[in-house]
1. Within the stretch 202-232, work out how many residues are more than 26 Å from Ile170 (Cβ to Cβ) and not charged (D, E, K, R).
2. Take Tyr164 and decide whether it is touching a helix residue (DSSP H, G or I) at 6+ places or on another chain (Cβ under 9 Å), under 30 Å from Phe76 (Cα atoms) and crowded, with 16+ Cβ neighbours inside 10 Å.
3. Return the total of residues in the stretch 260-276 being farther than 17 Å from Val376 by Cα and either surrounded by fewer than 17 Cβ atoms within 10 Å (Cβ to Cβ) or of a type in the set (S, T, N, Q) (or both).
4. So which residues in the stretch 250-305 are at pLDDT 95 or above, in a strand (DSSP E or B) and over 21 Å from Leu148 (Cα atoms)?
5. Which one of the conditions (1) out of contact with any strand residue (DSSP E or B) (no Cβ under 7 Å at 6 or more places or on another chain); (2) touching a residue at least 40 places away in the same chain (Cβ under 8 Å); (3) surrounded by fewer than 17 Cβ atoms within 10 Å (Cβ to Cβ) does Thr131 fail to meet, given that it meets all the rest?
6. Is there a residue being surrounded by 21 or more Cβ atoms within 10 Å (Cβ to Cβ) and part of a strand (DSSP E or B) anywhere in the stretch 214-235?
7. Can you run down the residue pairs with Cβ atoms below 7 Å, 6 or more apart or on separate chains, where the first is in the stretch 305-322 and at positive phi and the partner is surrounded by fewer than 24 Cβ atoms within 10 Å (Cβ to Cβ) and outside any loop (DSSP other than H, G, I, E, B)?
8. Regarding the stretch 134-153, can at least one residue be identified that is surrounded by fewer than 13 Cβ atoms within 10 Å (Cβ to Cβ), more than 26 Å from the chain's Cα centre (by Cα) and assigned by TED's automatic domain parsing to the domain that holds Val278?
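The values are calculated or read from the model by the stated rules, or taken from the named source; none is laboratory data. Treat the numbers as computed from the prediction; the structure is a model and nothing was measured. Cβ sites come from the backbone with ideal geometry, for glycine too, and all protein chains shown count toward neighbours.
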Amino acid sequence: MKAKAKFVLIYLLFFPIAFSAYSTTPLLSTVSYTNPFISSPDYGVSNYEITQNVTYQVEINFTLTHSSMTSYEYWFKFSRLNDRQPNSLLTQYCPPYQESELISSKITGNSTPSYILRDEFNNTYDLFNNTLDYNEKITLEQEYNITLNEVSFNDINELDIGTYNESDEIFDLYCNRSETCYERDDSALITASDSIVDPSDNPIEKAEKICNWVSNYLTYSDSMPDQEKGALWAYNNEQGDCSEYSSLMITLLRIQGIPARKVTGFCISANPATKPYVGKQWIFSIFGSSESFSADFLGHAWVEYYVPNIGWIACDPTWHGNYNYFNRIDFLRFNLNIGQWFSVPQLPDESEFPNPCVVFYETSDFYFTYQVKITVLESNFTPSGSFPLIFFVFIGIGVAAILITIILITRIRRNKGGY
């Protein structure tokens with residue numbers, strides 16, 4: 001009888017992200033923006049600002065070693081870091097959240113040339129496979145230069161908002177259907193969505209109300225199981241991690257006829273106030289065997305919703321409670337996938353988060369390491385709020401007041417002395 005295949009998601013996306021234990025990274029070796037970059041209406045994207053950004057070098061190294069005396073075949077699916085910008089050949093209606101340049105990619109030990117897969121959501125994957133004998137290895141090495149921009153949409157004029165075309169493919173992919181984890185047709189979720197918004201609200205007003213509601217309604221849980229629970233479960237249980245926050249917001253938006261999708265990836269820090277300085281490095285690792293593995297990635301999920309003539313707008317309902325993440329995303333998170341339900345090679349099931357994954361037979365034995373090294377190449381930050389300017393204004397006023405007082409006292413004394 002043929003051995004049963006199974007798979008392991010060697011990249012766990014939902015390690016708890018707690019705000020109580022973070023520390024602020026010092027701001028060093030940076031360049032300051034004096035004025036934000038204002039977008040043009042090209043490519044169907046407009047009204048956004050880039051206020052600051054960070055450029056990173058990202059090095060990915062994966063090795064799997066077969067340790068069984070019997071040879072077995074393995075299948076691999078690795079997501080590439082998406083290029084998310086208006087002029088990208090793969091992206092439509094997307095602000096420059098992540099400008100990704102693949103510098104090099106090398107796969108060794110595979111039996112055939114790797115296959116580059118692009119799915120219906122324009123995610124890109126490296127697919128490869130091989131039958132390995134005892135102590136044989138298969139490796140993947142990639143290097144990227146990636147600029148993460150802090151993108152925000154502020155004070156959008158209602159007249160700038162276009163009209164939805166419900167026959168567009170965007171609706172087919174991201175709005176019309178009730179799906180696993182996005183129970184758009186559920187009566188309780190429909191009632192909740194309709195109670196949050198007003199019928200006369202424009203899409204951005206509806207999205208803001210829904211984002212605020214989800215952020216306040218759910219309680220973050222750091223003990224969620226690996227499998228997805230979905231919007232209805234989150235609504236009924238009033239809790240979840242970033243996946244449930246995102247699923248609930250997406251579903252409530254889709255009920256209002258607003259296309260919305262989940263974005264998945266990982267963060268370099270659980271502290272939204274982190275300012276990466278030039279030369280700063282992070283190394284995230286996953287290592288283990290066919291039986292178990294350990295990881296220290298900060299996996300995360302957030303939301304994008306679509307507004308005609310404005311584009312895809314990012315929000316993070318999970319982090320929104322402590323920082324303003326409505327219509328804003330920062331430079332701390334790397335994006336691997338957009339959309340939902342990605343097929344896994346050689347398996348009939350589909351997963352929302354399959355990247356990277358290894359498919360293998362239950363009786364095979366192996367050990368592996370997966371490491372991502374991130375180095376800051378350049379940091380461009382706006383001044384931290386208006387405090388520095390106000391501070392120096394007050395200092396200037398104080399010094400001027402002291403000088404004026406001294407001059408007046410001197411003149412009074414001179415006048416009294418008969419000068």
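1. The total comes to 10.
2. So Tyr164 fails the test.
3. Total satisfying the criteria: 1.
4. Ala260
5. Answer for Thr131: the failing condition is (1).
6. no
7. Partner pairs satisfying both residue conditions: Asn309/Gly44; Asn309/Asp160; Gly311/Gly44.
8. yes
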